Amino acid sequence: MRPTLDELAARVLKLTAGRMGDRVIVGIAGVPGAGKSTLAEKLTTVLAERIGPEQVAHVPMDGFHLADVSLDRLGLRQRKGAPETFDALGYAALLKRLRESGDLVYAPGFERTIEQPIAGAIPVSPGARVVVTEGNYLLLGGDWDRAKEQLDEVWFCRTPEDLRLERLLARHVRFGKTPEFAAQWIEQTDQPNALLIEASSHRADLVVEMD
């Protein structure tokens, strides 16, 4: 399905109808480089135009990357980005708090220039009616189902493979990897993760085909 941003925003707003002030949380899953963050950012912008910027928040899953010091301790530094290199239950706990709390909530972010999570980087105001979250593993199952339980819908974002790999390589290079090391990282780390993520796509409420 290739819905427009306006159609996707309308789908989200339909979820808010009759909710008596309850917050709606929509997740966007997809393989590395599929365009999850871009879709989430554009959707958040359209929603903000419709209902006001204080009514919408974008909270990526990437803030729950384990820090390199933890990855080194666990021997997972070369697996960074794989499911076991995230705090899945911490992410689920944040989503539960966003679901239930009427207070200001600070979510962690992720700084790609240093490839580290940053605590307290994203404020979610008490009045936010819609939270858009995105990440690779929202549909994976296991511990990740704790997060999925807090989501009203989960969409799967899919991009043509050649374009996805081109963008993924460019992103790795932009943030400091050599082209050779980036290509090796994609083959040895990103692609095995991508196969795992793609296999979970049947659990999505909607598949969004990206250009």
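Projecting the Cα atoms of Val207, Pro160, Leu196 onto the charge dipole of the chain (Cβ charges, centred on the Cα centre) puts Val207 farthest toward the positive pole.
For the chain, the longest principal axis of the C-alpha atoms and the axis of helix 36-51 are separated by about 20°. Mind pulling the angle between the C-alpha long axis of helix 161-174 and the longest principal axis of the chain? Nearest 10 degrees, somewhere in 0 to 90. It is inclined by approximately 80 degrees.
Inverting the pair-averaged 1/r between distinct Cα atoms of the chain gives 17.5 Å as its Kirkwood hydrodynamic radius. Taking 24 Å as the straight-line reach from the Cα of Lys14, the lysines in range (excluding those fewer than 8 positions away in the same chain) are Lys36, Lys42, Lys96, Lys148. Of the residues Leu139, Leu195, Leu165, the one that moves most in a GNM of the chain with alpha-carbon contacts below 10 Å is Leu195. Projecting the Cα atoms of Gly35, Val105, Gln55 onto the charge dipole of the range 1-107 (Cβ charges, centred on the Cα centre) puts Gly35 farthest toward the positive pole. Taking a ≥ b ≥ c as the square roots of the eigenvalues of the Cα gyration tensor, the range 2-55 is classed as prolate, since a/c reaches at least 1.5 and a/b is larger than b/c. Largest GNM mean-square fluctuation among Tyr137, Tyr91, Tyr106, using the chain with Cα springs under 10 Å: Tyr106.
Per residue, the chain exposes 48 Å² of solvent-accessible protein surface, assessed with a 1.4 angstrom probe and all protein chains in place. Shown here for the range 120-211: GluC sites (Glu not before Pro) in loop regions (DSSP other than H, G, I, E, B) with at most 12 other Cβ atoms within 10 Å, namely Glu149.
Treating only the Cβ of Lys, Arg, Asp and Glu as charged (+1, +1, -1, -1), what charge dipole size does the chain show about its Cα centre? Round to the nearest 20 debye.
Numbers: 26 positive and 31 negative charges, 53 e Å.
About 260 debye.
Applying 1/(1 + (r/R0)^6) with r as the Cβ-Cβ distance of Arg146 and Arg171 and R0 = 35 angstrom yields a FRET efficiency of 0.75. In terms of overall dimensions, the range 121-208 has a Cα radius of gyration and Dmax of 15.7, 46 angstrom.
The values are calculated or read from the model by the stated rules, or taken from the named source; none is laboratory data. In this text, all values refer to a predicted model and were calculated from it rather than measured experimentally. Positions of Cβ are backbone-derived with ideal geometry, glycine not excepted, and every protein chain shown enters the neighbour counts. We work out accessible area using only protein heavy atoms, side chains counted, and drop any ligands, DNA or RNA first. Shrake-Rupley method; radii C 1.70, N 1.55, O 1.52, S 1.80 Å.
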